[in-house]
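Shown next, in structure tokens, is the structure this report addresses.
The values are calculated or read from the model by the stated rules, or taken from the named source; none is laboratory data. None of the values given here were measured: they were computed from a predicted structure. Heads up, the Cβs are rebuilt from the backbone with ideal geometry, glycines too, and the neighbour counts pull from every protein chain shown.
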């Protein structure tokens with residue numbers, strides 16, 4: 001799972017197996033360790049829930065978690081829908097843009113890392129590799 005933070009937005013990109021895990025387990029997560037100190041890491045997660053009706057992000061000192069209503073996640077995961085988007089208000093004049101996307105295969109052949117897990121990525125709707 002990839003997490004991109006930019007300005008007032010956060011974007012999660014999930015491979016096929018991560019989407020399957022999200023539906024099966026209700027949660028998919030990754031962690032980033034900053035130093036050898038055990039408490040100096042950050043977990044970023046995506047969860048499904050039957051008890052919420054809108055996407056929302058929450059944060060603790062060691063975790064960023066985006067919670068998606070289960071019905072919305074099911075529709076996204078089982079159709080050609082590419083993304084789930086939501087603007088979470090953070091003040092009267094600002095919001096956090098949340099985007100959850102399927103991770104598409106790169107159309108550039110020169111990225112060796114991309115080729116290693118290409119089978120787990122969604123086919124890119126913009127074209128096919130030759």
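Among the residues of segment 4-19, some residue qualifies, meaning at least one is more than 13 Å from the chain's Cα centre (by Cα) and without any contact (Cβ under 8 Å) to a residue 40 or more places away in the chain.
Would you confirm whether any residue within segment 49-64 is assigned to a helix (DSSP H, G or I), buried (at least 16 other Cβ atoms within 10 Å of the Cβ) and under 16 Å from the mean Cα position of the chain (by Cα)? No - not one qualifying residue is present in segment 49-64. Before we move on, is residue 111 surrounded by 10 or more Cβ atoms within 10 Å (Cβ to Cβ), modelled with pLDDT under 90, at negative phi and in contact with a helix residue (DSSP H, G or I) (Cβ under 6 Å, 6 or more places away or on another chain)? It is false that residue 111 is surrounded by 10 or more Cβ atoms within 10 Å (Cβ to Cβ), modelled with pLDDT under 90, at negative phi and in contact with a helix residue (DSSP H, G or I) (Cβ under 6 Å, 6 or more places away or on another chain).
Among the residues making up segment 10-43, none is part of a helix (DSSP H, G or I) and on the phi > 0 side of the Ramachandran plot. Filtered by the rule that a residue be farther than 17 Å from residue 11 by Cβ and without any contact (Cβ under 8 Å) to a residue 24 or more places away in the chain, segment 45-57 gives 49, 50, 51, 52, 53.
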